[in-house]
Amino acid sequence: MMLQIYNTLTRNKEVFKPITPGRVGMYVCGPTVYGDPHLGHARPAITFDILFRLLQHLGYKVRYVRNITDVGHLEHDADDGEDKIAKKARLEQLEPMEVAQYYTNRYHKAMDALGVLPPSIEPHASGHIIEQEQLVKQILDNGYAYEVDGSVYFDVEKYDRDHGYGRLSGRSLENTRDASRDNLDGVGEKRNQADFALWKLARPEHIMRWPSPWGDGFPGWHCECTAMGRKYLGEQFDIHGGGMDLVFPHHECEIAQAIASCGKAPARYWMHNNMITIAGQKMGKSLGNFITLEQFFTGDHALLSRAYAPMVIRFFILQAHYRGTVDFSDDALQAAEKALERLTDGWRRLQELQPDDTSTVDVADYTALCLDALCDDLNTPVAIAHLFDACRVINQANDGTITLNTGAIDSLKSTFTTVAFGLLGLRDSAAGDSAVNLEPYRKAVDLLLTMRAEAKAARDWTTSDRIRDALAQAGFDVKDTKNGFEWTVR
């Protein structure tokens with residue numbers, strides 16, 4: 001099956017061809033661990049989790065590297081301000097690595113709840129200082145960097161003359177100068193406003209520092225991904241991913257560093273998920289308009305009417321194509337919750353269907369249809385639409401409108417296990433993932449509904465209606481079927 005992905009570098013959808021047949025190297029930018037993970041962190045994690053699962057399903061052996069940024073990311077996302085983790089440590093009177101470890105643990109816990117598979121390798125920036133220093137030395141030796149009083153800066157103007165800067169973002173050097181002039185302070189020691197730090201001299205009050213040929217300091221933010229991607233995936237690998245907000249400056253600078261140091265761009269395919277927005281504005285820690293994943297799971301936020309199960313959050317994100325924006329609202333989450341319930345209800349009903357091997361009803365190959373959609377640049381909305389079509393067939397069989405033979409039922413089961421629970425990573429146990437565990441109530445509700453069925457058989461409509469109304473008042477929706485009854489919780 002042919003996989004096509006949209007390459008930000010070429011601005012085209014391309015057939016994916018790995019450098020080494022049968023093997024894929026993929027690097028995705030992970031979190032800067034100075035605060036709790038929020039919905040904006042969930043989107044790239046889930047997007048590239050889908051790609052990881054799909055590549056493995058297609059038979060590739062995948063080395064998936066997702067980093068942890070625990071040093072070098074300054075508060076203004078450039079070369080100005082305090083290190084984000086060091087600032088948090090200073091304010092809370094903790095060691096910087098204590099802050100980093102705490103929020104790394106929180107990130108892992110949230111990703112596990114969302115069903116995100118762990119990467120093959122998860123390197124930390126602070127554990128690869130030597131590799132970053134070596135990268136800076138290579139760039140200096142090749143004439144694309146300069147040292148000023150213990151700091152080292154990338155010479156963007158020289159690089160632009162030789163190789164062309166801005167190939168990923170489409171920004172010209174002049175546009176970059178203008179943006180830098182508007183947004184940066186304290187750039188007097190640079191030769192050019194667009195130059196960026198490869199190594200920064202640590203001031204006396206700076207907590208995080210390492211020895212280097214240029215003096216005690218710390219690496220620039222962009223260095224870590226170039227150095228760690230090269231260490232674990234080679235000078236050139238297949239896929240580099242991340243959020244669209246990283247196209248410039250982070251990924252643009254990665255490309256420049258890689259070419260300046262070894263003559264090769266780091267990745268052949270660049271993939272970027274779009275943003276989560278709230279009231280039309282990007283959701284993020286730096287803007288202060290974020291909702292943490294823990295708040296979604298507990299409902300403890302003014303914009304949330306109640307708690308939402310992690311699988312609802314995952315499904316909410318998958319309902320949109322990864323390159324489109326997703327605007328958060330409580331109403332949208334409630335709609336996603338109801339849609340996910342329709343899928344899980346379909347799966348549950350499928351388990352109870354009895355085959356009729358005289359049936360000649362044709363069932364589409366929904367597994368193949370879903371795979372076609374996912375191989376078309378991870379089109380999860382279309383894949384989900386096919387799953388709902390499969391649920392429509394299941395519901396018809398459940399209502400007695402049609403009958404299905406053993407092959408049809410097995411095909412539908414395969415679609416759910418392969419696509420819904422495998423490739424899309426949705427969990428098949430609502431009780432294990434829901435804010436409300438239904439198991440303590442199941443036997444009691446089933447007993448009441450059995451008594452109601454007996455009352456109906458005896459034409460005792462008063463008792464039958466009384467049981468139905470009492471359950472409805474308690475929040476249980478009851479539906480009579482040809483096989484008896486079924487119920488759900490509102």
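The values are calculated or read from the model by the stated rules, or taken from the named source; none is laboratory data. Predicted, not measured: the structure shown is a model, and the values here were computed from it. Ideal geometry is used to build each Cβ from the backbone, glycine not excepted, and the neighbour counts take in all protein chains shown. We work out accessible area using only protein heavy atoms, side chains counted, and drop any ligands, DNA or RNA first. Shrake-Rupley method; radii C 1.70, N 1.55, O 1.52, S 1.80 Å.
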Of the residues in segment 385-422, those that are over 15 Å from ASP345 (Cβ atoms), in contact (Cβ under 8 Å) with a residue 40 or more places away in the chain and among the aliphatic types (A, V, I, L, M) come to ILE402, LEU404, ALA408, ILE409, VAL419
Within segment 238-297, count every residue that is small (Gly, Ala, Ser) and within 18 Å of the chain's Cα centre (by Cα). 4
Within segment 310-354, the count of residues that are hydroxyl-bearing (Ser, Thr, Tyr) and more than 20 Å from the chain's Cα centre (by Cα) comes to 1
Wholly inside segment 1-101, strands (runs of 3 or more DSSP E) that include 2 or more residues that are in contact with a Ser or Thr (Cβ under 9 Å, 6 or more places away or on another chain) and open to solvent by 10 Å² or more (accessible area, probe 1.4 Å) are 61-66
Looking at segment 156-166, can you tell me whether even one residue there is open to solvent by less than 40 Å² (accessible area, probe 1.4 Å), more than 33 Å from the chain's Cα centre (by Cα) and of a type in the set (D, E, K, R)? no
Residue count, segment 260-279 (criterion: open to solvent by 10 Å² or more (accessible area, probe 1.4 Å) and either modelled with pLDDT under 95 or farther than 18 Å from ILE19 by Cα (or both)): 6
Being exposed (fewer than 15 other Cβ atoms within 10 Å of the Cβ) and either under 20 Å from the mean Cα position of the chain (by Cα) or not hydroxyl-bearing (Ser, Thr, Tyr) (or both): is that true of ALA307 here? no
Where ARG106 falls short, out of the listed (1) charged (D, E, K, R); (2) farther than 30 Å from ASP195 by Cα; (3) surrounded by fewer than 18 Cβ atoms within 10 Å (Cβ to Cβ): (3)
Has segment 461-478 got at least one residue that is modelled with pLDDT under 75 and farther than 28 Å from GLN334 by Cα? no
Kindly evaluate LEU114 against the criterion of being closer than 19 Å to LEU198 by Cβ and not basic (Lys, Arg). no
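Quick one: which of LEU371, LEU293, LEU340, LEU350 is more than 30 Å from ILE402 (Cα to Cα), modelled with pLDDT of 95 or more and hydrophobic (A, V, I, L, M, F, W, C)?
LEU293
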If you go through segment 109-119 one residue at a time, do you hit one that is in contact with a Gly (Cβ under 9 Å, 6 or more places away or on another chain), surrounded by 22 or more Cβ atoms within 10 Å (Cβ to Cβ), of a type outside the set (Asp, Glu) and part of a helix (DSSP H, G or I)? no
In segment 337-361, anything touching a helix residue (DSSP H, G or I) at 6+ places or on another chain (Cβ under 8 Å), open to solvent by 40 Å² or more (accessible area, probe 1.4 Å) and not in a helix (DSSP H, G or I) is listed as PRO355, ASP357, VAL361
